[in-house]
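Notes for the one structure printed next.
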Amino acid sequence: MPATIDPAATAWLLAATAMVLLMTPALALFYGGMVRSSGVLNMLMMSFISIPLVTVVWIVAGYSLAFSDDAGGGLIGNLAHAGLSGINPDTVRSGIPELLFVTFQLTFAILTAALVSGAIADRAKFTGWMVFVPLWTLAVYAPIAHWVWGPDGWLSAFGALDYAGGLVVEIASGASALALALVLGPRIGFNVDAMRPHNLPFVLLGAGLLWFGWFGFNSGSALGANGLAAGVFLNTLIAGSLGMLGWLIVEQVRDGRPTTFGAASGAVAGLVAITPSCGVVNTLGAIIVGLAAGVVCSFAVGWKHRAGYDDSLDVVGVHFVGGVVGTILIGLLATHVMTGGVDGLFYGGGLAQLGKQVVAVLVVAAYAFAVSFVLAKGIDKLLGFRVSKEDESSGIDFALHAETAYAEGVHGHSPRRFGEGHQFGH
């Protein structure tokens, strides 16, 4: 009997897919508010350009490499669905049209690529980024997605759990971000100048829109309009809330003042950590995951200053570390009530699941870092991946895009060419 389409699941996933796509413009605002005024347009563009770049390579080969039948060893899918060959409106996958599944997974890939950009804010050539994104999607994202979510992926067969992307999205993007930060080197003035966010309302607006989209990201991964999706939805809200509280408590105790920047960062940290675990922990587990992420990530963002790497917008400190926290805690907090079978250590499952989660974290992080480092080095050698010191100092928005975000220009100067006079009055 041929598979049939579940109308309720399809309707929910259509909405969830649109919500996840919105997360990339939301990320653009979140990141854009964090940078200085001279680089906000470039930061926005690095997220927005990820949408068409990833879409093209996903349709051509990315989806097939990630989700087609295995080509060998659980490492990569075959090219049976290259160009979406063999998929039409009547093709069904898990009760929904496969075309919708393709699109839902595409929105994940877009967001994951865009996440990486935060580590190299204010100093990357836009052309270098445009080359990096499609190559990275095919060489890093698609293989890891196949390992974890593919029908015969080796990490899936191994028993590692990642409900909505702790490994595939958060750890992959965070490890890749670290690689790019090391290849490009620190910004001029790193650890000397303050480099404060230029627009905190942007940051909070972006965080709020990310949170909204995250309900589609996590609950949509249930691929159904059912009780599991409802549980995941609540876990997502809980973890984001506790992440915010955890971060603000640290700020209050450590610094004496809770900040808006900390509130936004804490919420995102909690949401990052619950991403892999939202479908495998109960509400108590979601509280622990969110609180742990808020506290741990609030300290992790400072590591770059001691270690000397310039992860501009804390992709490593929030996404990588938060992803590790959420993925590892599955080994402690997973419960059969959510998983349908697997229990973590705290629910009588022993150490086995914890070991599997640790192995998965190490392998995914190492692979994403190594391949991203090689790609970035290659692009740097062939095209140059970093802007000139002059362009970085004067502001990359005008240097790369011939635009500025604000009428008064950047750094207090207008973008007029030398020799053009002031105009007063009208």
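Below, the figures for the structure above:
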quantity: F299 under 30 Å from L184 (Cβ atoms), free of Cβ contacts under 8 Å to residues at least 60 places away in the same chain and open to solvent by 50 Å² or more (accessible area, probe 1.4 Å); calculated: yes
quantity: Which numbered condition A229 fails, given (1) under 15 Å from the mean Cα position of the chain (by Cα); (2) more than 23 Å from S312 (Cβ to Cβ); calculated: (1)
quantity: Given (1) within 20 Å of I51 (Cα to Cα); (2) without any contact (Cβ under 8 Å) to a residue 40 or more places away in the chain, number of the condition E170 does not satisfy; calculated: (2)
quantity: Only one of T339, T335 that is open to solvent by less than 60 Å² (accessible area, probe 1.4 Å), at pLDDT below 95 and farther than 29 Å from G302 by Cα; calculated: T339
quantity: Filtered residue count, the stretch 187-204, keeping only those that are among the hydrophobic types (A, V, I, L, M, F, W, C) and buried (at least 17 other Cβ atoms within 10 Å of the Cβ); calculated: 5
quantity: Test: residue in the stretch 80-90 that is assigned to a strand (DSSP E or B) and either open to solvent by 30 Å² or more (accessible area, probe 1.4 Å) or not polar (S, T, N, Q) (or both); calculated: no
quantity: Count - residues of the stretch 282-296 that are in contact with a Ser or Thr (Cβ under 7 Å, 6 or more places away or on another chain) and either open to solvent by 10 Å² or more (accessible area, probe 1.4 Å) or among the acidic types (D, E) (or both); calculated: 1
quantity: Among the residues listed as G95, G128, the single one being among the small types (G, A, S) and within 25 Å of H401 (Cα to Cα); calculated: G128
quantity: Members of the stretch 322-335 that are over 19 Å from S265 (Cβ atoms), among the β-branched types (V, I, T) and assigned to a helix (DSSP H, G or I); calculated: T327, I328, I330
quantity: Sole residue being touching a Leu at 6+ places or on another chain (Cβ under 8 Å) and open to solvent by less than 10 Å² (accessible area, probe 1.4 Å), chosen from A61, A145, A121; calculated: A121
quantity: Residue within the stretch 352-360 that is surrounded by fewer than 22 Cβ atoms within 10 Å (Cβ to Cβ), more than 25 Å from A114 (Cβ to Cβ) and modelled with pLDDT under 95 present; calculated: no
quantity: Residues satisfying the stated conditions in the stretch 94-136, i.e. of a type in the set (S, T, N, Q) and within 14 Å of F385 (Cα to Cα); calculated: S117, T127
quantity: Extreme residue, farthest from the chain's Cα centre (by Cα), among residues of the stretch 279-321 that are polar (S, T, N, Q) and assigned to a helix (DSSP H, G or I); calculated: T283
quantity: Residue list for the stretch 150-178, restricted to those being open to solvent by 10 Å² or more (accessible area, probe 1.4 Å) and touching a strand residue (DSSP E or B) at 6+ places or on another chain (Cβ under 9 Å); calculated: P151, D152, W154
quantity: Members of the stretch 128-171 that are more than 17 Å from F101 (Cα to Cα) and not in a helix (DSSP H, G or I); calculated: D152, G153, G159, A160, L161, D162
quantity: Any hit, the stretch 17-39, residues being assigned to a helix (DSSP H, G or I), open to solvent by 10 Å² or more (accessible area, probe 1.4 Å), at negative phi and without any contact (Cβ under 8 Å) to a residue 60 or more places away in the chain; calculated: no
quantity: Unique residue being in contact with a Lys or Arg (Cβ under 7 Å, 6 or more places away or on another chain) and closer than 27 Å to A145 by Cβ when the list is F385, F373; calculated: F385
quantity: Every residue from the stretch 250-281 that is open to solvent by 40 Å² or more (accessible area, probe 1.4 Å) and under 22 Å from V148 (Cα atoms); calculated: none
quantity: Failed condition for P2, given (1) crowded, with 16+ Cβ neighbours inside 10 Å; (2) at pLDDT below 95; calculated: (1)
quantity: All positions within the stretch 382-409 that are within 15 Å of L184 (Cβ to Cβ), aromatic (F, W, Y) and open to solvent by 50 Å² or more (accessible area, probe 1.4 Å); calculated: none
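The values are calculated or read from the model by the stated rules, or taken from the named source; none is laboratory data. It should be emphasised that the depicted structure is a prediction, and the values quoted were computed from it without experimental measurement. As a convention, Cβ positions derive from the backbone with ideal geometry for all residues, glycine included, and neighbour counts pool all protein chains shown. For the accessible areas, the whole protein counts, side chains as well, though only heavy atoms, and no ligand, DNA or RNA atoms are used. Shrake-Rupley method; radii C 1.70, N 1.55, O 1.52, S 1.80 Å.
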